[in-house]
Amino acid sequence: MASSRSWAEVEAGTNRCRCRVGPFLKQADPLALTWLAVIPGLSASSVEGAGAFAYPLIFLPFVSSACVPTETMPGPVRRFAEHQPVTSIVNTIRNLFAQQPVGDDIWTALVWCVGILVVAYVFAMTAYRRKIA
C-alpha cells in the first residue's frame, strides 16, 4: 500500500522525504541555471559574449552560505546573501543530508528553483523562436 506523505513531513525528519527532496534540489538547481544560460547562448553574437554571462553566476556561491555562515558577513553583503537563491538551496541541501531540520529554507529553495526554471525556459524558448524565425 502506498503511503501518502505530505511535504510537511520533511520538517518532521522522515528519511523517505529527505531522500526525495535532496536529490530533486541537487538536480533542479543546475537544470534551472542551464536554462538560464541558454538565453545568452542564443542571444549573443559570439562565444565570448555568451561566456561572459557566466561570470555573475559563478560569483553567486561566494556570496552565500556555501563558504561561510551569513552571520559573519558585513551588513550589506549579509542582506544580499540571505536573499539570493544559492543560500537557501545550499542550506536546504546541507540540512537535509545532515538530517537537521530545514525550516522554511526548503520552500524558499523550491520556489527559487522552480521560478528560475520556468522564467528561464520561457525566455529561452522566446529567444530560440526569434533566432530560427
## Note on the structure
Filter region 89-98 for residues that are of a type in the set (A, V, I, L, M, F, W, C) and crowded, with 23+ Cβ neighbours inside 10 Å; the one that is modelled with the lowest pLDDT is 96
### Message
Return the residues of region 37-86 that are over 25 Å from residue 105 (Cα atoms) and small (Gly, Ala, Ser); say none if nothing qualifies.
### Response
41, 43, 44, 45, 46, 49, 50, 51, 52, 54
### Task
Determine which member of the set 101, 76, 85 is of a type outside the set (S, T, N, Q), open to solvent by 70 Å² or more (accessible area, probe 1.4 Å) and in contact with a helix residue (DSSP H, G or I) (Cβ under 7 Å, 6 or more places away or on another chain).
101
### Query
Mind checking which residues of region 25-56 are open to solvent by less than 50 Å² (accessible area, probe 1.4 Å), without any contact (Cβ under 8 Å) to a residue 40 or more places away in the chain and of a type in the set (A, V, I, L, M)?
37, 44, 50, 52, 54
### Query
Listed residues 70, 87, 126; which is among the polar types (S, T, N, Q) and closer than 15 Å to residue 35 by Cα?
126
## Note on the structure
Note on region 36-53: residues closer than 24 Å to residue 114 by Cα and of a type in the set (A, V, I, L, M, F, W, C) are 36, 37, 38, 39, 42, 50, 53
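The values are calculated or read from the model by the stated rules, or taken from the named source; none is laboratory data. Treat the numbers as computed from the prediction; the structure is a model and nothing was measured. Reconstructed Cβ throughout: ideal geometry from the backbone, glycine too, with neighbour counts over all protein chains shown. Quick note on the areas: whole protein, heavy atoms, side chains included, nothing else; ligands and nucleic acids left out. Shrake-Rupley method; radii C 1.70, N 1.55, O 1.52, S 1.80 Å.
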